[in-house]
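Worksheet: the structure to be examined is printed underneath.
Rule-based calculations on the coordinates, nothing more; no lab input. Bear in mind the structure is a predicted one, so any value in this text is a computation, not a measurement. Heads up, the Cβs are rebuilt from the backbone with ideal geometry, glycines too, and the neighbour counts pull from every protein chain shown.
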Amino acid sequence: MPLQQPDQVFEMIKQALKRTGQRGIIVTGWSEYKQNLDSNGDILCMDEVPHAWLFPRTAGVIHHGGAGTTAAVLHTGKPMAICPFTGDQPFWARRMYELGVSVKPLHEKTLSIESLADCIVSLTNDPKLKQNARVIASKVNNEQGVERTVDFIEKHLTACRLSS
């Protein structure tokens, strides 16, 4: 996430986790902010970790809303919160909220300890949010996208051959 004030945001995350009695993992990726973070008993900071391994082990995921991360969370059936920054991220934040698998989108400019704590409480305690996430995961994981795409292509290639 291209945070404008990373030190303040990370301090808010620490305080929100402490307030809610939860633990968190901050994955910095290619961010230059990792040198400012120290893991402690409640927060683990990592450069990278496979989403498919990590997300199923969480109560929920707070992320930037990139298409890949959003899809990875959807596959796991975990509720999410999105703090979008650029590109398609605001779209995914709104769409996940509309689907009922995410809390209302967060915004760095209005982020506070209270808003993060409320978000964490919702991700860990809201039964409707959890149920919606499980239902969507079931649909996504059973859609057989590759097989359906191959069938579609073969059908249209056959139709093209017959008409030429």
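Summary table below
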read-out: Helices (runs of 4 or more DSSP H) (entirely within the stretch 77-164) containing at least 2 residues that are touching a helix residue (DSSP H, G or I) at 6+ places or on another chain (Cβ under 8 Å) and of a type outside the set (D, E, K, R); value: 89-99, 113-125, 127-141
read-out: Condition met for T110 (surrounded by fewer than 12 Cβ atoms within 10 Å (Cβ to Cβ), within 23 Å of Q15 (Cβ to Cβ), free of Cβ contacts under 8 Å to residues at least 24 places away in the same chain and more than 12 Å from the chain's Cα centre (by Cα)); value: yes
read-out: Cross-chain or 6+ apart pairs with Cβ under 7 Å, the stretch 50-67 first and more than 18 Å from F91 (Cβ to Cβ), then hydroxyl-bearing (S, T, Y) and assigned to a helix (DSSP H, G or I); value: H51/T69; F55/T76; P56/T76; A59/T124; G60/T124
